[in-house]
Amino acid sequence: MLPLPKGISGFGEVEGNRIELDEFKRICYHLMIVFQFQGFELIDTYSGNYYIGKLMRAGNNRDIFILMNQCYPILSFADEYEYGNINFVEESTIAEYLSNLEYRLTSIEGDQITNYKVITLEKLNVSLSDSLIEGLHKEEKKQIDYWRPSKVKDIIFNNWD
């Protein structure tokens, strides 16, 4: 796995512009229409470095949560979420659709990442190593020393304050 990019934790400078809430909402409403979800609800995280929303399915079908890092267009899915407690899951059909999008649902400036990346469960659960965090800012490394995350998911989708 490649080293984590600077600023991914929400601390220190980000290479390019941060992800705006409007872009997250656009992608969620877009997915709601394409995959015929019945609704979308934005969930407030207060101190998280990610946005989260619930895509609602009809009937007894389970809803899914979509998470997007606020610094990079990295997404993941969960079937359960209770403030900071996330049960990540694979949503292969939606992940494939997002991976095949050749554009972002926002205007892009400069050297920003130009497409969405869905991170797999396997990569989310990779144990942290020095090589994965070597390129992070000093501020991020201080937070890592304080919060003691053990896996990649603990940095990409954190609730540090």
field: Filter result for residue 146 (within 27 Å of residue 36 (Cα to Cα) and of a type in the set (Phe, Trp, Tyr))
entry: no
statement: When region 7-45 is checked residue by residue, the ones that are out of contact with any strand residue (DSSP E or B) (no Cβ under 7 Å at 6 or more places or on another chain), within 30 Å of residue 147 (Cβ to Cβ), touching a residue at least 40 places away in the same chain (Cβ under 8 Å) and in a loop (DSSP other than H, G, I, E, B) are 7, 9, 10, 11, 12, 13, 14, 15, 16, 17, 18, 20
field: Filter result (at pLDDT 95 or above, over 16 Å from the mean Cα position of the chain (by Cα) and among the acidic types (Asp, Glu)) within region 141-161
entry: 145
statement: Of the residues in region 115-135 that are under 13 Å from the mean Cα position of the chain (by Cα) and assigned to a helix (DSSP H, G or I), the one that is farthest from residue 28 (Cα to Cα) is 123
field: Residue count, region 46-76 (criterion: surrounded by 21 or more Cβ atoms within 10 Å (Cβ to Cβ) and either hydroxyl-bearing (Ser, Thr, Tyr) or without any contact (Cβ under 8 Å) to a residue 12 or more places away in the chain (or both))
entry: 4
- request: Count, please, the residues in region 78-107 that happen to be surrounded by fewer than 16 Cβ atoms within 10 Å (Cβ to Cβ) and among the basic types (Lys, Arg).
  value: 0
- request: For region 47-59, state whether one or more residues are out of contact with any Phe, Trp or Tyr (no Cβ under 8 Å at 6 or more places or on another chain) and more than 30 Å from residue 142 (Cβ to Cβ).
  value: yes
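Just to be sure, is residue 13 over 24 Å from residue 96 (Cα atoms), loosely packed, with under 13 Cβ neighbours inside 10 Å and acidic (Asp, Glu)?
Answer is yes for this residue.
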- line: Checked region 90-118 for anything in contact with a helix residue (DSSP H, G or I) (Cβ under 7 Å, 6 or more places away or on another chain) and at pLDDT 95 or above; matches are 90, 94
message: Just to be sure before I move on: is residue 31 modelled with pLDDT of 90 or more, within 30 Å of residue 139 (Cα to Cα) and in contact with a helix residue (DSSP H, G or I) (Cβ under 9 Å, 6 or more places away or on another chain) in the structure I sent?
response: no
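The values are calculated or read from the model by the stated rules, or taken from the named source; none is laboratory data. What you see is a predicted model; the values in this text were computed from it and never measured. Cβ atoms come from the backbone with ideal geometry, glycine included; neighbour counts cover every protein chain shown.
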